[in-house]
Amino acid sequence: MIIAAEADMETVAQASTAEEALQEYRRTKPDVILMDQRLPGASGTEALIAIRSEFPHAKIMMLTTSSGDIEIQRALRAGATAYVLKSTPKNELLRIIRTVSMGRKHIPSDVGSSLAEHMGQEDLTPRELEVLELIREGNKNKQIADQLGISETTVNFHIKNIVDKLQANDRTHAVTIALRRGLLQI
């Protein structure tokens, strides 16, 4: 509705999934894509990667409710031209679309602040992420050790690293931080 009300803008296609987004891009080749981060199946970032692998100059704006710095970093590394929160006022959103259309990138200050807050922090390893996912699922350390085929002492070591890296108080707080930052999904 916002775009339809603008004389210099037109919605040329809509898609519900990452696969549809790629198909519609091939068909319409729009000037700018507004991509939701949350799609059924693949994420918006995965759709962005698929489109840009075939069309490297595609201008794709991530439009989302997620202000988690990890999701923002992934989208920007994948080639997002802008990362905009859905709470962005209408006039600001239209200005950003026009900016992106002209070939410029845009990161709003609130998104930039979210990124800056965690710059320089050490990333979790793939194994630490596996442990964190199993904690999220309610597993005790022994269960995690059994599922991953490692010792309980190693699980404890991973949990200590996770808590330290996320600057959490304990394992539950680490899960909460990971969800907020976009490291884990619900």
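The values are calculated or read from the model by the stated rules, or taken from the named source; none is laboratory data. Since the structure is predicted, the reported quantities are computational estimates derived from the model, not experimental observations. For neighbour counting, all protein chains shown are included, and Cβ atoms are generated from backbone atoms with ideal geometry for every residue, glycine included. Just so you know, the surface numbers come from the protein's heavy atoms only, side chains and all, with ligands and any DNA or RNA stripped out. Shrake-Rupley method; radii C 1.70, N 1.55, O 1.52, S 1.80 Å.
Data table
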read-out: Contour minus Cα-Cα distance for MET1 and GLN185 (0.36 nm per residue); value: 63.3 nm
read-out: Amide H contacts of ALA15 (H built 1.01 Å from N, under 5 Å, at least 5 apart or other chain); value: none
read-out: Stokes-Einstein D (µm²/s) once Rh is taken as the Kirkwood radius of segment 1-47 over alpha-carbon pairs, at 4 °C in 1.567 mPa s; value: 114
read-out: Accessible area (Å², per residue) of the chain, counting only protein heavy atoms and a probe of 1.4 Å; value: 57
read-out: Nonlocal amide H pairs with LEU63, under 5 Å, H built at 1.01 Å; value: MET35, ASP36, GLN37, VAL84
read-out: Length added when fully stretched, LYS90-GLN143, from 0.36 nm per residue minus Cα-Cα; value: 14.2 nm
read-out: Peptide ranges 2-9, 123-130, 37-44 listed from the most packed, as the mean C-beta count within 10 angstrom indicates; value: 37-44, 123-130, 2-9
read-out: Nearest-0.05 FRET efficiency for LEU129 and GLU152, computed from C-beta distance (R0 25 Å); value: 0.85
read-out: Extension gain (nm, one decimal) between ARG38 and GLU20, 0.36 nm per residue minus Cα-Cα; value: 5.1 nm
read-out: Candidates ALA82, ALA13, ALA174: whichever shows maximal mean-square fluctuation once the chain is modelled as a Gaussian network with Cα springs under 10 Å; value: ALA13
read-out: Global form of segment 21-104, assessed from the alpha-carbon gyration tensor, a/c cut-off 1.5; value: oblate
read-out: Candidate aspartates and glutamates for bridging to LYS86, where Cα separation is under 13 Å - those fewer than 8 sequence places away on the same chain excluded; value: ASP36, ASP110
read-out: Residue-wise HN-Hα coupling along segment 128-137, computed from phi with Karplus coefficients 6.51, -1.76, 1.60 (Hz; x: Gly, Pro); value: 4, 5, 4, 4, 4, 4, 5, 5, 4, 7
read-out: Ranking by accessible area, most exposed first, for PHE157, PHE55 with a 1.4 Å probe; value: PHE157, PHE55
read-out: Share of carbon and sulfur in the accessible heavy-atom surface of segment 75-179 [1.4 Å probe, %]; value: 50
read-out: Structure-derived Rg and Dmax of the Cα atoms in Å - corresponding label in (i) 19.2, 60; (ii) 18.3, 60; (iii) 19.3, 64; value: (iii)
